[in-house]
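Taking it in order: structure first as structure tokens, then the write-up.
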Amino acid sequence: MRLVVGVDGGGSKTRVLVADGRGEPLGEAEGPASAVRPGEAEHSANVITECVREALGAAGVAGERPVALCVGVAGVGRPAEREQLWRALVERDIADEVSVVPDAQVALDDAFGDGSGILLVAGTGSIGFGRGPTGVAARVGGWGPVCGDEGSGAWIGRRALSVVTASLDGREPETALVGAVLTAAELSEPGELVGWAASATPAQLATLAATVVSVAQNGDLRANSILDLAAEELALHVRTLARQLFADERAACSVALAGGLLRSGSALRKRLEHRLKSSTPGAQIIAGEVRPERGAMRAALALAGGPDLPDGPPSESAPPDEPGEEDIDREASGGESEREHAAG
């Protein structure tokens with residue numbers, strides 16, 4: 001039996017999906033972050049390799065060798081990081097064929113296939129990517145945790161820290177975020193915030209987003225203002241892409257929402273959907289769940305020559321369709337993102 005594997009490597013988690021030669025899912029696994037940071041491709045490769053092995057075990061095919069592996073991962077927008085991770089995975093000899101692409105690409109493919117639409121991802125980081133009716137692609141956001149990723153978990157966490165310190169000074173009104181953030185960060189006094197924030201990774205900052213949501217639901221004005229601003233920033237991503245790819249924000253366009261902060265029914269998703277009604281009237285939110293690892297699995301199946309025929313493997317005359325759109329060059333998962341290279 002031929003096996004193909006798809007991987008979604010983000011700034012908080014890594015998800016793996018194993019399927020047979022017809023694309024039927026066999027098993028899954030989830031592990032820690034594998035987003036590629038400069039100079040850390042080996043670490044990402046180790047995480048991905050272990051997650052793939054766990055997924056093969058869950059599928060009941062432990063020790064079997066996949067014919068193709070597609071890894072959609074944050075932080076590989078620049079050719080250098082992409083090449084480093086590809087080489088590291090090839091050296092680990094975990095599949096016959098290996099492909100590495102930005103995470104936003106596999107998410108977009110899962111949401112729309114070859115069709116048009118806009119994908120907005122908000123997890124540890126954030127990014128918007130879309131494809132217009134003519135096939136033209138564009139992206140916005142994804143500038144990384146230092147100077148971008150507006151509306152993301154890490155961005156919300158940084159905003160919360162600013163509100164907390166300003167409130168402690170008296171520059172902001174009192175807010176329940178003070179005690180809640182200290183508790184979430186496991187700190188005993190406000191002075192410890194400086195050291196914690198200085199060493200916090202984007203993923204650690206993103207953990208504060210759940211705290212902000214909880215405090216907001218209890219009616220705290222400052223927490224609610226952070227979520228409102230996050231929704232506004234994310235809506236701007238969609239509106240910008242609608243103007244670039246679909247003439248203007250009033251034109252009908254399908255919009256897919258992905259990432260941990262935008263799961264169906266989440267507090268931020270509800271605010272965003274409400275805001276889009278006025279900022280981008282043509283936006284039509286699709287209800288289906290976007291699973292980047294599923295898009296990566298389908299790309300792996302294409303890399304392997306396509307799905308098996310009813311009586312066997314695909315014909316040798318069907319060459320694999322190598323994924324890898326150069327236009328997708330910034331990632332939405334809190335990994336290092338670079339402008340020169342775009343879900344999540």
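The values are calculated or read from the model by the stated rules, or taken from the named source; none is laboratory data. The model shown is predicted, which means the values in this text are computed figures rather than measured ones. Don't worry about glycine lacking a Cβ; one is built from the backbone with ideal geometry, like all the others, and counts go over all protein chains shown.
Among the residues of the stretch 16-41, those that are under 30 Å from V146 (Cα atoms), modelled with pLDDT under 95 and of a type in the set (D, E, K, R) comprise R37, E40.
Every residue in the stretch 54-103 that is of a type in the set (G, A, S) and closer than 20 Å to A29 by Cα, please.
A55, G57, A58, A59, G60, A62, G63, A68, G72, A74, A95, S99
Being within 15 Å of A304 (Cβ to Cβ) and at pLDDT 90 or above is the requirement here; does R82 meet it? Against the criterion (within 15 Å of A304 (Cβ to Cβ) and at pLDDT 90 or above), R82 does not qualify. When we screen T183, T201, T211 for residues that are within 18 Å of R269 (Cα to Cα) and hydroxyl-bearing (S, T, Y), the only hit is T211. Of the residues A251, A231, the single one that is in a loop (DSSP other than H, G, I, E, B), small (G, A, S) and closer than 20 Å to R275 by Cβ is A251.
Restricting to the stretch 179-195, name every residue that is part of a helix (DSSP H, G or I) and either in contact with a helix residue (DSSP H, G or I) (Cβ under 8 Å, 6 or more places away or on another chain) or of a type outside the set (G, A, S) (or both). A180, V181, L182, T183, A184, P190, E192, L193, V194, listed by residue number. Restricting the stretch 8-48 to residues that are crowded, with 24+ Cβ neighbours inside 10 Å and not small (G, A, S) leaves a set whose member that is nearest to V98 (Cα to Cα) is I48. Of the residues that make up the stretch 89-112, is at least one of a type outside the set (F, W, Y), in contact with a helix residue (DSSP H, G or I) (Cβ under 7 Å, 6 or more places away or on another chain), crowded, with 16+ Cβ neighbours inside 10 Å and within 23 Å of T207 (Cα to Cα)? The answer is yes; a qualifying residue exists.
Right, A247: modelled with pLDDT under 95 and either farther than 27 Å from T14 by Cβ or in contact with a Gly (Cβ under 6 Å, 6 or more places away or on another chain) (or both) or not? Taking the combined requirement at face value, the residue satisfies it.
Screening A235 on (1) under 27 Å from S34 (Cβ atoms); (2) touching a helix residue (DSSP H, G or I) at 6+ places or on another chain (Cβ under 7 Å) shows it passes everything except condition (1). Taken together, the residues in the stretch 172-198 that are within 16 Å of S225 (Cα to Cα) and charged (D, E, K, R) amount to 2.
Selection of the stretch 126-140 for residues being part of a strand (DSSP E or B) and out of contact with any Lys or Arg (no Cβ under 7 Å at 6 or more places or on another chain) yields S126, G130, R131, A138, V140.
Regarding the stretch 162-178, can at least one residue be identified that is under 25 Å from the mean Cα position of the chain (by Cα), buried (at least 17 other Cβ atoms within 10 Å of the Cβ) and either outside the structural domain of G260 (by TED's automatic domain parsing) or assigned to a helix (DSSP H, G or I) (or both)? Within the stretch 162-178, not a single residue is under 25 Å from the mean Cα position of the chain (by Cα), buried (at least 17 other Cβ atoms within 10 Å of the Cβ) and either outside the structural domain of G260 (by TED's automatic domain parsing) or assigned to a helix (DSSP H, G or I) (or both). Taking the listed residues G142, G117, the one that is over 14 Å from the mean Cα position of the chain (by Cα) and closer than 20 Å to L272 by Cα is G117, with no other qualifying.
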